[in-house]
Ligand SMILES: [Mg+2]
Ligand SMILES: [Zn+2]
């Protein structure tokens, strides 16, 4: 059955998807490459969000001020075509588009960048790890799922801090809206869980040559991936896809 698309949801992973770099790694590459090296050495031993939190404490102990981190975030690569793409999508009268960010980065990194690009208001919600500046200028970061409390039971391989599939479903419940089409823009292996929950009329815009592409090719068919898959390398191609989306979807 063919259906007119009246409402659509676009879900963005942040690092290497909406943004053209990885926030957690970038700030240390800019401000303290030796700490970046240390993270690389420890990443198989320490849970990633905990490792970023610990490295932020080390950076702070060296006297690096809050403004340095904010400055590094503002100069992080962010493709102008992506800014245009989402502004145009939101401005179009039909279909009506809701934008949602689902990320393993953190609230401060993301809000700092969105404010700098003046696109904060375009997004309905940002689900990510909580973070806040304390009065001494330390960025305090925590896992979205507290390690001391109940854990998610995802079997697809999401990191302990968050199951992106569960978070996507929880967002859809909160919205109480029937979306005719969901488009998921992602690149990482942890974007595989949420796209398994998408339907036939939905679409993943998968960044090429990264973890998600590998998982789709190895596990997609076995795990019953139903949505359409489109690959992209540069944000200009996401913009191009948004501009040429069909006005109807086949739901059966
Ligand atoms: Mg990513
Ligand atoms: Zn999961």
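Would you confirm, using the coordinates I've provided, whether residue 224 is within 16 Å of ligand 2 (Cβ to nearest atom) and more than 17 Å from the chain's Cα centre (by Cα)? First the steps, then the outcome.
Numbers: within 16 Å of ligand 2 (Cβ to nearest atom): yes; more than 17 Å from the chain's Cα centre (by Cα): yes.
Answer is yes for this residue.
For (1) touching a strand residue (DSSP E or B) at 6+ places or on another chain (Cβ under 6 Å); (2) within 16 Å of ligand 1 (Cβ to nearest atom), each residue gets a yes or a no:
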{"residue": "42", "(1), (2)": "no, no"}
{"residue": "50", "(1), (2)": "no, no"}
{"residue": "56", "(1), (2)": "yes, no"}
{"residue": "59", "(1), (2)": "no, no"}
{"residue": "73", "(1), (2)": "no, yes"}
{"residue": "100", "(1), (2)": "yes, yes"}
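Tell me which residues, restricted to region 108-122, are more than 16 Å from ligand 1 (Cβ to nearest atom) and under 21 Å from residue 188 (Cα atoms).
At the first step, the residues of region 108-122 found to be more than 16 Å from ligand 1 (Cβ to nearest atom) are 108, 111-112, 115-122.
Once the filter is applied, which keeps residues that are more than 16 Å from ligand 1 (Cβ to nearest atom) and under 21 Å from residue 188 (Cα atoms), region 108-122 yields 108, 111.
Based on what the data block shows, is residue 183 away from ligand 2 (no atom under 16 Å from the Cβ) and crowded, with 18+ Cβ neighbours inside 10 Å?
On the way: away from ligand 2 (no atom under 16 Å from the Cβ): yes; crowded, with 18+ Cβ neighbours inside 10 Å: yes.
The answer is yes for residue 183.
Could you check, for region 200-209, whether at least one of its residues is within 14 Å of ligand 1 (Cβ to nearest atom), in contact (Cβ under 8 Å) with a residue 60 or more places away in the chain, surrounded by fewer than 20 Cβ atoms within 10 Å (Cβ to Cβ) and over 28 Å from residue 252 (Cβ atoms)?
Looking for residues that are within 14 Å of ligand 1 (Cβ to nearest atom), in contact (Cβ under 8 Å) with a residue 60 or more places away in the chain, surrounded by fewer than 20 Cβ atoms within 10 Å (Cβ to Cβ) and over 28 Å from residue 252 (Cβ atoms), one finds none in region 200-209, hence no.
Based on what the data block shows, is residue 105 under 17 Å from the mean Cα position of the chain (by Cα) and under 30 Å from residue 63 (Cα atoms)?
On the way: under 17 Å from the mean Cα position of the chain (by Cα): yes; under 30 Å from residue 63 (Cα atoms): yes.
In short, yes.
Do you know which of the residues in region 124-167 that are within 16 Å of ligand 1 (Cβ to nearest atom) and part of a strand (DSSP E or B) is farthest from residue 197 (Cα to Cα)?
129
Residue 215 versus (1) within 16 Å of ligand 2 (Cβ to nearest atom); (2) closer than 14 Å to residue 102 by Cα; (3) crowded, with 17+ Cβ neighbours inside 10 Å; (4) over 14 Å from the mean Cα position of the chain (by Cα): which is the lone unmet condition?
With respect to (1) within 16 Å of ligand 2 (Cβ to nearest atom); (2) closer than 14 Å to residue 102 by Cα; (3) crowded, with 17+ Cβ neighbours inside 10 Å; (4) over 14 Å from the mean Cα position of the chain (by Cα), residue 215 is out only on (2).
Residues that are over 30 Å from residue 1 (Cα atoms), away from ligand 2 (no atom under 12 Å from the Cβ) and surrounded by 15 or more Cβ atoms within 10 Å (Cβ to Cβ): does region 147-170 have at least one? Break it down stepwise before answering.
Applying the first criterion (over 30 Å from residue 1 (Cα atoms)) to region 147-170 yields 147-163.
Retained after the next criterion (residues that are away from ligand 2 (no atom under 12 Å from the Cβ)): 147-150.
In the following step, the residues that additionally are surrounded by 15 or more Cβ atoms within 10 Å (Cβ to Cβ) were identified as none.
No, the conditions are met nowhere in region 147-170.
Among residues belonging to region 192-209 that are touching a helix residue (DSSP H, G or I) at 6+ places or on another chain (Cβ under 7 Å) and outside any helix (DSSP H, G or I), point out the one that is nearest to ligand 2 (Cβ to nearest atom). Steps first, answer last, please.
The first filter runs over region 192-209 and keeps only residues touching a helix residue (DSSP H, G or I) at 6+ places or on another chain (Cβ under 7 Å), leaving 192-194, 196-197, 204-207.
Now drop any that are not outside any helix (DSSP H, G or I), which leaves 197, 204-207.
Details: 197: 9, 204: 15, 205: 19, 206: 17, 207: 19 Å.
That would be 197.
Does region 144-155 contain at least one residue that is within 18 Å of residue 10 (Cβ to Cβ) and either at pLDDT below 95 or touching a helix residue (DSSP H, G or I) at 6+ places or on another chain (Cβ under 7 Å) (or both)? Write out each step before concluding.
Kept after step one, since they are within 18 Å of residue 10 (Cβ to Cβ), are these residues of region 144-155: none.
The answer is no, given that none of the residues of region 144-155 is within 18 Å of residue 10 (Cβ to Cβ) and either at pLDDT below 95 or touching a helix residue (DSSP H, G or I) at 6+ places or on another chain (Cβ under 7 Å) (or both).
Within the group 97, 55, which residue is under 24 Å from residue 233 (Cβ atoms), more than 15 Å from the chain's Cα centre (by Cα) and at pLDDT 95 or above?
Details: 55 fails: under 24 Å from residue 233 (Cβ atoms).
Exactly one residue qualifies, and that residue is 97.
Please go through region 18-34 and pick out each residue that is assigned to a helix (DSSP H, G or I) and over 21 Å from the mean Cα position of the chain (by Cα).
We begin by selecting, within region 18-34, every residue assigned to a helix (DSSP H, G or I); these are 18, 23-31, 33-34.
Those that are assigned to a helix (DSSP H, G or I) and over 21 Å from the mean Cα position of the chain (by Cα): 30, 31, 33, 34.
For residue 15, state whether it is under 15 Å from the mean Cα position of the chain (by Cα), more than 16 Å from ligand 2 (Cβ to nearest atom), assigned to a helix (DSSP H, G or I) and in contact (Cβ under 8 Å) with a residue 24 or more places away in the chain. Explain how you work it out, then say what you get.
Details: under 15 Å from the mean Cα position of the chain (by Cα): yes; more than 16 Å from ligand 2 (Cβ to nearest atom): yes; assigned to a helix (DSSP H, G or I): yes; in contact (Cβ under 8 Å) with a residue 24 or more places away in the chain: yes.
The answer is yes for residue 15.
The values are calculated or read from the model by the stated rules, or taken from the named source; none is laboratory data. All values derive from a computational prediction rather than experimental measurement. We place every Cβ from the backbone using ideal geometry, glycine too, and count neighbours over all the protein chains shown.
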